[in-house]
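First comes the structure, then the notes that go with it.
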Amino acid sequence: MLDGFLERTGRMAVPVLVVACGLVTALALRIDGLENQLRDERRQASLPHVGSFLPIQSVTFADGNQVELGSPPPGRLQLLFAYSHTCEYSRLSSPIWSNLVDQIRRAGLPVDAIAVLVDDPHLPIPDGIEPWEPSAGFVSLPDDRSRYLYRTRVVPQLVVVDSSGQVVYVRTGVFESAAAQDSVFAHLASLTHPLEGVRAHRGGENPTLEEP
């Protein structure tokens, strides 16, 4: 009799265990999905993304000229290069940034290129770090609040803003090749010249607009 009871109990336990295993698997998948969602939300909060808006921030170049970040004049774009003295990737990206600025000027694109130092200007540069600046000049964000609002936790980064303050292009991470320069310039050309057939060339030639 006892054997029969144990046999019946064993048969009942099998489907219960199967259901329990299924519930555990479903719960694990759900938790994994929530963790991925949380990481995405944290990334959205800490990095600029296309469609977001930047606040207007008045800043001053070393020569005294002022500019309003996040608010280019109508019909123009701002290209912001966020960098840090303590970031080796920023240093590696600096020559391509300088080349890109020259290329934009030669091509006559309606783009204001501005390098933005995200380091606290009131703090000394750490020992062992040699200060450097982009050749085209730079501005500094004045406080932690500005650095938070401009989402500059990750550098280097390139951000393009239209006259409404909306972000229309983002690139994060090191860019140190001619191919990277061409890619950014092509995006700028497509944003400033909506006609099809824009051809962007490195080496100083202006983009050519072809009739469709």
Note to self: Quick check on region 92-105. Is at least one of its residues under 22 Å from residue 71 (Cα atoms), touching a residue at least 60 places away in the same chain (Cβ under 8 Å) and surrounded by fewer than 20 Cβ atoms within 10 Å (Cβ to Cβ)?
What the structure shows: no
Checklist line | Within region 151-188, tally of residues that are of a type in the set (Phe, Trp, Tyr) and surrounded by fewer than 17 Cβ atoms within 10 Å (Cβ to Cβ) | finding: 0
Note to self: So, in region 142-157, how many residues would count as being at pLDDT 85 or above and either in contact with a helix residue (DSSP H, G or I) (Cβ under 6 Å, 6 or more places away or on another chain) or on the phi > 0 side of the Ramachandran plot (or both)?
What the structure shows: 3
Next item on the list: For residues that are exposed (fewer than 12 other Cβ atoms within 10 Å of the Cβ) and either modelled with pLDDT of 85 or more or of a type in the set (Ser, Thr, Tyr) (or both), scanning just region 30-57, find the one that is farthest from the chain's Cα centre (by Cα).
Entry: 56
Note to self: Please count how many residues of region 152-171 are touching an Asp or Glu at 6+ places or on another chain (Cβ under 8 Å) and farther than 14 Å from residue 111 by Cα.
What the structure shows: 0
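Quickly run through region 75-91 and pick out the residues that are part of a strand (DSSP E or B) and closer than 19 Å to residue 180 by Cβ.
Our first condition is that a residue be part of a strand (DSSP E or B); within region 75-91, this holds for 77-83.
The answer is 77, 79, 80, 81, 82, 83.
The values are calculated or read from the model by the stated rules, or taken from the named source; none is laboratory data. What you see is a predicted model, and the numbers here were worked out from it, not measured in a lab. Backbone-built Cβ (ideal geometry, glycine too); neighbour counts: all protein chains shown.
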